[in-house]
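Working notes, beginning with the structure itself.
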Amino acid sequence: MILQNHLPCQTSEFPCKYLGVPLSPHKLTNAQVQPIVDRIADRLPGWKADLLTRAGRCTLVQFVLTSMMVYLLLAVDLPARALKSIDKIRRGFLWKGRRDVRGHCLVAWPKVTRPWFLGGLGISHLQHLGWSLRLRWLWLQKTEPDKTWAFLPVKAQHQVQAFFDAAVVTVVGNGKNTIFWKDRWLTDQSLETHDPHMFNAVTARGRKRKVSDALENRSWILDIKGALTVEVLAEYLQLWDLLEGVELQSEIEDTHIWSFSASGNFTTKSAYEALFIGSIHFEPWERIWKTWAPSKCKFFLWTVAHKKCWTADRLARKGLDHPASCPLCAQAEETIDHLLVTCVFSRQIWFTVLQDLGLETLAPQVVDMSFVEWWAAASSRVTGQNQKGLNSIITLVSWSLWNHRNRCVFDGISPNLAYVAASIKEEARQWSIAGARGISHLLAPAAAVT
């Protein structure tokens, strides 16, 4: 009441909201964060999802639904169940355009929420995004200790704190802003990791000691209070030798370096990408996502690279009705690789289209059995604008073959080489007008193969 008499503010009880952030002295419950989940879901009905391609939905998921979470994730650690509910909404809208979806996801959600270069769609992984955003507070507390809030404890999950400790390297100056036992300043590891037996013998208070205090009169020795085992003594002698050459420079401040950025400064992007270190690189990502083409065509090629298109082989594995053979050639079982590179109908289309551009030697041959591998080999044989144009043409032809295949299956039309070739030629002209400079370059004098 005394505070209220001096400040024109309203009093309320926990849990409450401040600047849109739910606050509670305890961990937020699912009921307290349910309004956040509902607010995300309320955005879906007005988007007319049935009129959007999956690529268009992907854009809305990342730049609207996910962006709505950034402010909250920066401030609070949402319960795992809340994140799961929001992911369910994002996943459902991406694949089917509605809040809930079961059995219609072409690619597993953990793979979808990876960066492009790791085979995902670039949709943010909410838990990793939250960790990356909240690492900012640990970084500011470490690098700007003069901030008014820096003396307050920053609550961070064990995984986040461990990641931060491993990511920051310190160049010691005066040693006043470096923790002796926990920061990476003496070796490529912290002393906590480098000398684990001795660290276990250090007092709780000693573990917070700064380098400047620890080295003064060798005060770090007084922090060791536990049992002096053989391992502790060995690590003690080793540390003594390491510290012999250390000299502090009183006029120079300590410098903290973020290991995952070239500048040495923390960025949320670098932290987020570092959380995926160890994942397998997705080789065709640049050819798919950096090529000039409509986003729906790139999305299709992404599913091709993951072999997740609904061709006959995949339908058969799921026990669904499927064509007995390739709808375009009727000579072999249909797979996505067959449809795009080994089918005689498709090969004729590739040869016809590439011949008009002077690139017929790049057309799929009998030995080419994988679409992704053939694309990589063909693209590597040209450079510059020729390469950009070829990648756009390959995207266009693949998309056209897929659409023609679907018309044969669902509309009952017969395969028509002349129609497909003419439609590709006209579409290439339209892409060129729309800004595909590589195609414009190819449609000029025939390109030379290097």
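The values are calculated or read from the model by the stated rules, or taken from the named source; none is laboratory data. Note that the structure is a prediction, hence the values are computed from the model and not measured. When we count neighbours, we look across all protein chains shown, and the Cβ atoms used for this are built from the backbone with ideal geometry, even at glycine.
Within segment 134-141, can one find any residue that is assigned to a helix (DSSP H, G or I), touching a residue at least 24 places away in the same chain (Cβ under 8 Å), among the aliphatic types (A, V, I, L, M) and closer than 19 Å to Phe63 by Cβ?
No, that holds for no residue.
Given the criteria under 20 Å from Arg134 (Cβ atoms), polar (S, T, N, Q) and surrounded by 14 or more Cβ atoms within 10 Å (Cβ to Cβ), does Ser259 qualify?
Considered against the rule, which asks whether it is under 20 Å from Arg134 (Cβ atoms), polar (S, T, N, Q) and surrounded by 14 or more Cβ atoms within 10 Å (Cβ to Cβ), Ser259 comes out as no.
So if I check each of Cys309, Cys329, Cys297, which one is surrounded by 15 or more Cβ atoms within 10 Å (Cβ to Cβ), over 17 Å from Trp399 (Cα atoms) and in contact with a Phe, Trp or Tyr (Cβ under 8 Å, 6 or more places away or on another chain)?
Only one candidate passes the filter, namely Cys329.
Tell me, yes or no, whether segment 360-369 has at least one residue that is buried (at least 20 other Cβ atoms within 10 Å of the Cβ), outside any helix (DSSP H, G or I) and either of a type outside the set (A, V, I, L, M) or over 37 Å from the mean Cα position of the chain (by Cα) (or both).
yes
Mind listing whichever residues of segment 400-425 are assigned to a loop (DSSP other than H, G, I, E, B) and without any contact (Cβ under 8 Å) to a residue 60 or more places away in the chain?
Residues satisfying the conditions are Asp411, Gly412, Ile413, Ser414, Asn416.
Assigned by TED's automatic domain parsing to the domain that holds Asp38, buried (at least 16 other Cβ atoms within 10 Å of the Cβ), in a loop (DSSP other than H, G, I, E, B) and not polar (S, T, N, Q): which single residue out of Arg102, Arg114, Arg98 fits that description?
Arg114
Filtering segment 153-211 down to residues that are surrounded by 20 or more Cβ atoms within 10 Å (Cβ to Cβ) and among the charged types (D, E, K, R), which residue is nearest to Ala234 (Cα to Cα)?
Only one residue fits best here, namely Asp195.
Might you let me know whether segment 34-52 holds any residue that is touching a Ser or Thr at 6+ places or on another chain (Cβ under 7 Å), under 17 Å from Arg90 (Cα atoms), surrounded by 13 or more Cβ atoms within 10 Å (Cβ to Cβ) and not charged (D, E, K, R)?
Checked against the condition, which is being touching a Ser or Thr at 6+ places or on another chain (Cβ under 7 Å), under 17 Å from Arg90 (Cα atoms), surrounded by 13 or more Cβ atoms within 10 Å (Cβ to Cβ) and not charged (D, E, K, R), segment 34-52 yields at least one hit.
Check whether at least one residue in segment 224-240 is modelled with pLDDT of 90 or more and in a strand (DSSP E or B), and report yes or no.
Yes.
Is it true that Leu215 is within 43 Å of the chain's Cα centre (by Cα) and either farther than 22 Å from Leu129 by Cβ or not assigned by TED's automatic domain parsing to the domain that holds Asn200 (or both)?
Answer is yes for this residue.
Output the helices (runs of 4 or more DSSP H) that fall wholly within segment 1-94 and possess 1 or more residues being in contact (Cβ under 8 Å) with a residue 60 or more places away in the chain and within 24 Å of His128 (Cα to Cα), or say none.
Passing ranges, in order: 54-60, 67-75.
When you go through (1) within 19 Å of Leu328 (Cβ to Cβ); (2) in contact (Cβ under 8 Å) with a residue 12 or more places away in the chain one by one for Ala428, which number turns out not to apply?
All conditions pass for Ala428, except number (1).
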